[in-house]
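Bear in mind that the values in this text are calculations on the coordinates, not laboratory data. Predicted, not measured: the structure shown is a model, and the values here were computed from it. Every residue, glycine as well, gets a Cβ built from its backbone with ideal geometry; the counts of neighbours run over all protein chains shown.
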Amino acid sequence: MNHKIKFFFIIFMLPLLVIHFTSCNANSNTKMEEEHAEGDGHDHGAEGEHADHADHEEGEAGSEPHGKMVHLNSAQYKNAGIDTGWFVQKNLSDVITATGYTKLPPQNQADVSPAIGGIVKSIKIIEGQYVKQGQTLATIQSLEYNKIRLEKAKIYEMMQNAEANKQYLDAEYDRQKTLTNENINAKKTFQKISADLEMENKKIANLRDQIAILDQMLAMGGSSTSPLISVNAPISGFVSDVYVKIGSSAESGKPMFTLLDNSKMHVDLLVYEKDLFKVKVSQDVRFILTNQNNQEIKGKIKNIGKSFENDTKSVALHADIVTLNHFLIPGMYVNALIELGSSPVSTLPVDAIIKAEGREFIFIWEKENMDGKQPKEEISFARIEVKTGVAQLGYVQVNLLQSVHNGDKIVTKGAFYLQSHLTKESGGGGHAH
């Protein structure tokens with residue numbers, strides 16, 4: 001009986017114990033979760049403080065007036081070939097574009113040939129040399145020249161004989177005239193003497209003319225007392241071509257040398273019909289030599305053609321070059337801008353602009369990074385963002401999107417090197433020195 005009671009008691013109490021144990025365990029878990037939650041809240045607050053600090057540092061970096069920096073040592077700086085400058089004011093919008101060639105007027109070119117043919121004995125100049133008008137370029141020896149000298153000597157002897165005979169006739173003329181006036185001698189004799197004297201005077205005049213012509217021929221060749229003919233420069237200029245060598249045959253009318261006087265160089269431009277009404281004499285022109293590192297030369301329109309060129313709808317313009325440049329030679333290809341008005345904008349060479357990350361930038365060599373005129377051991381450049389506009393003849397309009405310091409210098413050459421170095425520094429995780 002007692003055993004049955006104990007059995008039923010255990011069966012009855014067992015579920016109650018299970019329920020109580022479960023309840024206690026739940027309360028314990030709830031308390032632990034609450035304590036863990038409180039601990040997590042403390043840790044998260046620390047991470048949030050760190051994040052705020054990082055944001056603060058990032059904000060400070062973003063608040064600097066200049067963006068990313070590039071750092072070079074002295075060796076890298078020399079290898080980069082960096083050149084610096086500043087904005088140039090140019091008129092890029094209100095212009096007409098044209099193309100053409102440098103050209104010399106005919107009076108500034110000369111083909112030099114001898115007046116008399118012969119054999120070249122000496123050459124005194126080389127190609128590219130500058131010579132002055134009248135300077136001896138070469139000497140030739142000529143049989144024909146010697147014949148002219150002999151001919152002159154013969155004619156001169158004839159003239160001397162004629163002058164001596166004239167003296168006799170002059171005296172005889174005076175004597176016969178006196179006798180005729182006194183009716184002592186017949187007038188017929190006087191008339192003959194008069195005719196002979198007149199013929200002798202004409203003969204002497206003719207001989208003098210022949211000698212003068214021979215002297216001119218001899219003078220064209222040099223000295224009449226020398227067996228060599230001097231070939232002289234008819235204009236001052238540069239020797240562009242030499243066609244002969246020692247022992248060559250020099251012929252009259254066949255060029256031995258070509259001389260060019262580049263001081264009067266002009267440019268022939270072609271302007272299309274649609275722009276012709278905008279062009280006027282004396283307008284300013286800017287030329288860019290495409291094969292001379294985009295060097296710019298200034299000029300002015302001198303005259304405008306009155307007909308179309310070679311069945312095209314373009315008209316030739318002649319423009320004088322204002323800024324003399326000795327490196328110009330005829331036939332150089334040029335791009336030109338004919339200025340219609342004055343609307344200057346701030347420009348930089350196109351090589352100063354680099355494109356990255358879908359934006360446009362230039363590099364600044366900051367004033368505070370300079371030590372006098374010499375760069376410090378580490379040279380720093382700042383990349384700043386810009387906005388470009390119209391581009392013409394190697395220059396582009398530039399608007400700054402960030403301020404620069406007074407005294408800073410803009411990198412006009414070597415910007416691509418700095419950009420590649422910046423990319424390498426960013427990828428390497430630090431500065432490369």
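Computed log10 I(q)/I(0) for the range 109-258 at 0.12, 0.18 Å⁻¹: -0.62, -0.97, from the Debye equation with unit scatterers placed on every C-alpha and solvent omitted. Neighbour counts of C-beta atoms inside 10 Å place 327, 381 in the sequence 327, 381, starting with the fewest.
Reported to the nearest whole Å, the Cα centre-to-centre distance from the range 230-278 to the range 312-366 is 28. With a cut-off of 13 Å between beta carbons, the residues surrounding residue 388 carry a summed charge of 0, where Lys and Arg count +1 and Asp and Glu -1. Residue separation of residue 280 and residue 323 scaled by 0.36 nm, minus their Cα-Cα distance, works out to 13.5 nm of gained length.
Sorting 121, 78 from the fewest to the most surrounding beta carbons within 10 angstrom yields 78, 121.
Once the C-beta distance of residue 153 and residue 103 is scaled by a Förster radius of 45 Å, the resulting FRET efficiency is 0.40 to the nearest 0.05. Cross-link pairs exceeding 26 Å in C-alpha to C-alpha distance, out of 278/302; 274/306; 166/188; 152/192; 132/154, comprise 152/192; 132/154. Per-residue extension of 0.36 nm, minus the Cα-Cα distance of residue 178 and residue 136, leaves a gain of 9.2 nm for this segment. Modelled label positions at residue 89 and residue 143, each set 7 Å beyond Cα in the direction of Cβ, lie 7.3 nm from each other.
Subtracting the Cα-Cα distance of residue 248 and residue 71 from their residue separation scaled by 0.36 nm leaves 57.3 nm.
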